[in-house]
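Please read the structure below before turning to the comments.
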Amino acid sequence: MSVLKTVRIEAQMTDSFKVAADIRGHQMTIDQPAAGGGTDLGPTPLEMFLFSLGGCIATIGRIAAKQQKIELRHFAVSVEGDYDPAALLGRETESRAGFQTLRVTAEIDADLSSAQKQAFLDEVCDRCPLHDNIKLASEVVHTLAE
């Protein structure tokens, strides 16, 4: 049996809607656009979530390509999602707060046929932890700090 590894971040609300984190020495900022009351100093949490998914797929793509000795000349991932903002604003809606649908599109430049590229992408998405978390709904536990 494999040993589980824990990944941890701490985020802190600062000015207005700005949320800051120091992640392994990397200063990260999440914010809202000025039109939404923020200072637009970083992507929104939803944009960062989509970036995380795309970044994870791209990273696993690089790992899989190296393992399979595929020369991956270009691998671009586009992620978009649809959500109903009424839920996060606390308004009456029948929609849930999260994304209703996520669409991942990949551009792959490698010496592979279209069918092989699709099989490669399918394998990469199956191996991607974030894709797995979204697809299979991980348990989320939230508590107050003591």
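Nothing in this text is a laboratory measurement; each read-out follows from the coordinates by a stated rule. Computed from a prediction, not measured in an experiment: that's the story for all the values here. In this analysis, Cβ positions are derived from the backbone assuming ideal geometry, glycine residues included, and neighbour counts consider all displayed protein chains.
Once the Cβ-Cβ distance of residue 69 and residue 21 is raised to the sixth power relative to R0 = 25 Å, the FRET efficiency obtained is 0.10. In the stretch 44-135, Cα pairs under 8 Å separated by at least six residues give a relative contact order of 33 percent.
Per DSSP H run of n ≥ 4, the term is -39500 (n - 2.57); total these for the chain, divide by its residue number, and report the mean residue ellipticity at 222 nm rounded to 500 deg cm²/dmol.
-10000 deg cm²/dmol
Between residue 14 and residue 96, the modelled label-to-label distance comes to 3.3 nm, taking each label 7 Å out from Cα in the direction of the beta carbon. Quick check: the distance between the Cα centres of the stretch 69-146 and the stretch 1-47, to the nearest angstrom? Using only Cα atoms to place each centre, the spacing works out to 19 Å.
At full extension, residue 86 and residue 127 could sit 11.4 nm farther apart than now, given 0.36 nm per residue minus the alpha carbon distance.
Largest first and in whole Å, the equivalent-ellipsoid semi-axes of the stretch 1-42 read 29, 10, 8, each the square root of five times a Cα gyration tensor eigenvalue.
Taking Lys and Arg as +1 and Asp and Glu as -1, the other residues whose beta-carbon sits under 15 Å from that of residue 38 total -3. May I ask for the longest run of the chain untouched by trypsin sites (Lys or Arg not before Pro) that are loop-located per DSSP and have at most 13 neighbouring C-beta atoms (other than their own) within 10 Å? Between the exposed loop sites, the longest stretch runs 97-146.
Can you give me the angle between helix 45-67 and the longest principal axis of the chain, using Cα atoms only, in degrees from 0 to 90, rounded to the nearest 10? Approximately 20 degrees, to the nearest 10.
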